Amino acid sequence: MGVLNHLIAQQSVWQLPEGSRVLFATLIVLGAFVLFLGLIPVLQTLPPRGRRAIVVIITFLAGLFFAAEFFLPINWTAIFPKDDPTRNFLTPAIQPAQNVLQIIGALALGLGTFGLVRLHLRNVVQKRAQWGYSIVLLVSFITMATFSILNTLAEKEIVERGPVLERGFSILFDYTLVQLDAAMFSLIAFYIFSAAYRAFRIRSIEASILMFTAMLVMIGVVPLGAYLSYTLLGLPEGAAPEGANFLTQVQHNIGLPKIANWVLTQLNAPAQRAIEFGVGIGGLAMAIRLWLSLERGVT
Amino acid sequence: MQERTQSVWQRMLGIDRRWLYLVLFVNIVTFLVAPIRMPASISPPVQKFYDEIEKLQPGDLVMISSNWSASTLAENQPQLEAVIAHLMRKQARFTIISIEAQSRDISYRLAERVTKDKGYQYGEQWAHFGFVPNLIVAIKGMVNDLPNTIKQDVRGTAVNQLPVVRGVKSLSDYKMIIDVTPSGTLPIWISYSPKNVPILYCPTSVMAAEAYTYLDSGQIKGMITGAKGAQEYEQLLGVVGLGTRFMNAISFSHVLIILFILLGNFAMLMNRLQLRREG
């Protein structure tokens, strides 16, 4: 009872005395597992409508909690004068809720990994089409995971960082994964080049304007644009002096970098803003539909 | 039946794409190794970024959100290196956080290498908070209670034991947030981070167009756009880094793309004229 009172007073298992801490943490983790594992068969026995109702209620309450915490006035002292002025009464519950979300996020990663491994193991066992690639994936996965976990443990000084680990992780991560990933992405440049040559055709006024503007920006944003404008053509760099005549002002503003910046800030930005407003309103509508479980697929 | 021979214009239009790939490859390799250095014109967003960091005082604390993986290494690595170099020059303290699993290792190893060269001490002057799976949750948590949200750094040290964040309770205690990312994380930082902490942004070139609205509204104080922005930043810092080296290849690749677009259109036009002449 004393430990329980202490737990309630401190609001954290980690602030308990050393002896009780491990026991209570273990009990809490085991209890949570038993509870959730016990809930699964109970949920399975429910009819689909009952299951849907549970998902809908939990989704609505979770959404309501975060929305209420965000929108309720921060200065709660107007109503409860003794409360902390920097937070409302829901704020202290945010931290545990966020811990739960972090754990769910981590579980989703684990679930994805489990699904991937199970699929490829099945490919290998049943010798499905191209099962050799599945072996490559599984071997790469196990090797990389082993070295990554050992490397993380070495960073935390739980295991010793020997030369095999140091060299092995470096070969796998720096010289294999990073390089392959970068190489894969860089292929896009080749596709863009090919597509630009084959598909970027001036077939209308709009296409011509688009192409001309794209060319100006493409040259204007790279150092070559500055070289052409300021070194080769000798245009003045920087802003025109105050009170300068029209011709001087024009000269100061027709450098390719200036034009590119003008296109980006004066043409692109307003268009982007309009798009973002549209996306924002659409996102809000979608969020409300998800919150109220009006979207299809909520079962 | 005799096959009709293709005109030069038709052959140009139907060129095997592998020739195009080869031309681009040769162009990139040539200008990566060529000792040409063209000075960049400093764009206003980069100048603002630089000026904002110049305002920092020694010991000020900066949060770097590094969310890039190897796929955008060519753009985000020069940015992060230049930014860390500037922060160290200003003797600012910094912490790094990643919402991309691969970035946790990439940014940690990069920062370790760069700081070691300058004698910056881990734990004292910088630290890496590791990988968090959900940025919204992490930011909201850090705003309320940073040590209890992060709990420990990549080396397993409890955050409240790290001298670099001694006395830090919340994200509000930071002087600046810098988001180095190829993803749409900026609106999340803008929405959930404390309003008194300025945000600086390092996107890839393709993401930059969307960010000009935030620059206009003052919600971000400066922006380094891709490798091109990194080159400008290196120029402001007076160093030759990856950005400067990459920009030659990028510059001439842009020229090559423009030339080939014009060439493609010219071939199409000439082919049409020829077909019209032949009835």
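So for region A:242-258 (the condition being among the aliphatic types (A, V, I, L, M) and within 30 Å of residue B:244 (Cβ to Cβ)), does at least one residue qualify?
yes
Determine which member of the set B:262, B:256, B:273, B:269 is in a helix (DSSP H, G or I), aliphatic (A, V, I, L, M) and more than 10 Å from every other protein chain (Cβ to nearest Cβ).
B:273
Could you list, in sequence order, all residues of region B:61-93 that are over 12 Å from the mean Cα position of the chain (by Cα) and touching a residue at least 60 places away in the same chain (Cβ under 8 Å)?
Scanning region B:61-93 gives B:61, B:62, B:63, B:64, B:85, B:86, B:89, B:92, B:93.
Give me a count of the residues in region A:190-210 that are at the interface with chain B (Cβ under 7 Å from one of its Cβ atoms) and over 19 Å from residue B:270 (Cα atoms).
Total meeting the criteria: 3.
Give the residue that is nearest to the other protein chains (Cβ to nearest Cβ), with candidates limited to residues of region A:99-156 that are within 24 Å of residue B:133 (Cα to Cα) and basic (Lys, Arg).
Of everything passing the filter in region A:99-156, A:156 is nearest to the other protein chains (Cβ to nearest Cβ).
Hey, does region B:179-191 have a residue that's among the small types (Gly, Ala, Ser) and over 16 Å from the mean Cα position of the chain (by Cα)?
yes
Please work out which one of (1) polar (S, T, N, Q); (2) more than 33 Å from the chain's Cα centre (by Cα); (3) more than 10 Å from chain B (Cβ to nearest Cβ) is the condition residue A:213 fails and give its number.
That leaves (2) as the condition not met.
Report whether or not residue A:196 is in contact with a helix residue (DSSP H, G or I) (Cβ under 6 Å, 6 or more places away or on another chain), at pLDDT 90 or above and either within 25 Å of residue B:129 (Cα to Cα) or buried (at least 16 other Cβ atoms within 10 Å of the Cβ) (or both).
Numbers: in contact with a helix residue (DSSP H, G or I) (Cβ under 6 Å, 6 or more places away or on another chain): yes; at pLDDT 90 or above: yes; either within 25 Å of residue B:129 (Cα to Cα) or buried (at least 16 other Cβ atoms within 10 Å of the Cβ) (or both): yes.
Yes; evaluated as a whole, the condition is true for this residue.
Only one of (1) touching a Pro at 6+ places or on another chain (Cβ under 7 Å); (2) modelled with pLDDT of 95 or more; (3) not β-branched (Val, Ile, Thr) fails for residue B:247. Which number is that?
Unmet for residue B:247, out of (1) touching a Pro at 6+ places or on another chain (Cβ under 7 Å); (2) modelled with pLDDT of 95 or more; (3) not β-branched (Val, Ile, Thr): (2).
Could you please give the count of residues in region A:231-272 that are more than 7 Å from chain B (Cβ to nearest Cβ), part of a helix (DSSP H, G or I) and not charged (D, E, K, R)?
19
I'd like the full set of residues that are in contact with a Ser or Thr (Cβ under 8 Å, 6 or more places away or on another chain), in contact (Cβ under 8 Å) with a residue 40 or more places away in the chain and not acidic (Asp, Glu), limited to region B:94-105.
The answer is B:97, B:99, B:104.
For region B:235-267, how many residues meet the condition of being over 30 Å from residue B:73 (Cα atoms), surrounded by fewer than 16 Cβ atoms within 10 Å (Cβ to Cβ) and touching a residue at least 60 places away in the same chain (Cβ under 8 Å)?
Initial filter on region B:235-267 (over 30 Å from residue B:73 (Cα atoms)): B:262-267.
With the extra rule that they be surrounded by fewer than 16 Cβ atoms within 10 Å (Cβ to Cβ), the set shrinks to B:262-263, B:266.
So of that shortlist, the ones also touching a residue at least 60 places away in the same chain (Cβ under 8 Å) come out as B:263.
Counting residues in region B:235-267 that are over 30 Å from residue B:73 (Cα atoms), surrounded by fewer than 16 Cβ atoms within 10 Å (Cβ to Cβ) and touching a residue at least 60 places away in the same chain (Cβ under 8 Å) gives 1.
In the list B:231, B:219, which residue meets the criterion of being touching a helix residue (DSSP H, G or I) at 6+ places or on another chain (Cβ under 6 Å), within 13 Å of chain A (Cβ to nearest Cβ) and in a loop (DSSP other than H, G, I, E, B)?
None of the others qualify; the one that does is B:219.
Residue B:224 is checked against (1) more than 8 Å from chain A (Cβ to nearest Cβ); (2) out of contact with any helix residue (DSSP H, G or I) (no Cβ under 6 Å at 6 or more places or on another chain) and fails just one. What number does that condition carry?
Unmet condition: (2).
Testing residue B:37 on (1) touching a residue at least 24 places away in the same chain (Cβ under 8 Å); (2) in the same structural domain as residue B:202 (by TED's automatic domain parsing); (3) of a type in the set (D, E, K, R), one condition comes back false. Which one is that?
Result: residue B:37 fails condition (2) only.
Considering A:180, A:228, A:224, which residue is facing chain B (nearest Cβ under 7 Å), under 29 Å from residue B:229 (Cβ atoms) and either at pLDDT 90 or above or over 33 Å from the mean Cα position of the chain (by Cα) (or both)?
A:224 is the lone residue from the list that is facing chain B (nearest Cβ under 7 Å), under 29 Å from residue B:229 (Cβ atoms) and either at pLDDT 90 or above or over 33 Å from the mean Cα position of the chain (by Cα) (or both).
Name, by its number, the condition in (1) over 26 Å from residue A:69 (Cα atoms); (2) over 15 Å from the mean Cα position of the chain (by Cα); (3) in a loop (DSSP other than H, G, I, E, B) that does not hold for residue B:248.
Failed condition: (3).
Look at residue A:21 and say whether it is within 29 Å of residue B:151 (Cα to Cα), at pLDDT below 75 and not in a helix (DSSP H, G or I).
It is false that residue A:21 is within 29 Å of residue B:151 (Cα to Cα), at pLDDT below 75 and not in a helix (DSSP H, G or I).
Go through region A:155-171 and give me each residue that's at pLDDT 90 or above and either buried (at least 16 other Cβ atoms within 10 Å of the Cβ) or within 17 Å of residue B:101 (Cα to Cα) (or both).
A:165, A:168, A:169, A:170
Can you pull out the residues in region A:231-272 that are surrounded by fewer than 16 Cβ atoms within 10 Å (Cβ to Cβ) and either of a type in the set (Ser, Thr, Tyr) or not assigned by TED's automatic domain parsing to the domain that holds residue A:214 (or both)?
Listed by number, the residues that qualify are A:231, A:248.
Residues are listed down the side, and each one gets a yes or a no for (1) more than 10 Å from every other protein chain (Cβ to nearest Cβ); (2) outside any loop (DSSP other than H, G, I, E, B); (3) among the aliphatic types (A, V, I, L, M); (4) surrounded by 12 or more Cβ atoms within 10 Å (Cβ to Cβ):
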position: B:20; (1), (2), (3), (4): no, yes, yes, yes
position: B:23; (1), (2), (3), (4): no, yes, yes, yes
position: B:31; (1), (2), (3), (4): yes, yes, no, yes
position: B:38; (1), (2), (3), (4): no, no, yes, yes
position: B:45; (1), (2), (3), (4): no, yes, no, yes
position: B:48; (1), (2), (3), (4): yes, yes, no, yes
position: B:52; (1), (2), (3), (4): yes, yes, no, yes
position: B:56; (1), (2), (3), (4): yes, no, yes, yes
position: B:78; (1), (2), (3), (4): yes, yes, no, yes
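Yes/no matrix, rows are residues, columns are (1) closer than 21 Å to residue B:229 by Cα; (2) among the β-branched types (Val, Ile, Thr):
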{"position": "B:9", "(1), (2)": "no, no"}
{"position": "B:13", "(1), (2)": "no, no"}
{"position": "B:20", "(1), (2)": "no, no"}
{"position": "B:25", "(1), (2)": "no, no"}
{"position": "B:32", "(1), (2)": "yes, no"}
{"position": "B:46", "(1), (2)": "yes, yes"}
{"position": "B:53", "(1), (2)": "yes, yes"}
{"position": "B:79", "(1), (2)": "yes, no"}
{"position": "B:87", "(1), (2)": "yes, no"}
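The values are calculated or read from the model by the stated rules, or taken from the named source; none is laboratory data. Note that the structure is predicted; figures quoted are calculated from it, not measured. FYI the Cβ positions are ideal-geometry reconstructions off the backbone, even for glycines, and counts take in every protein chain you see.
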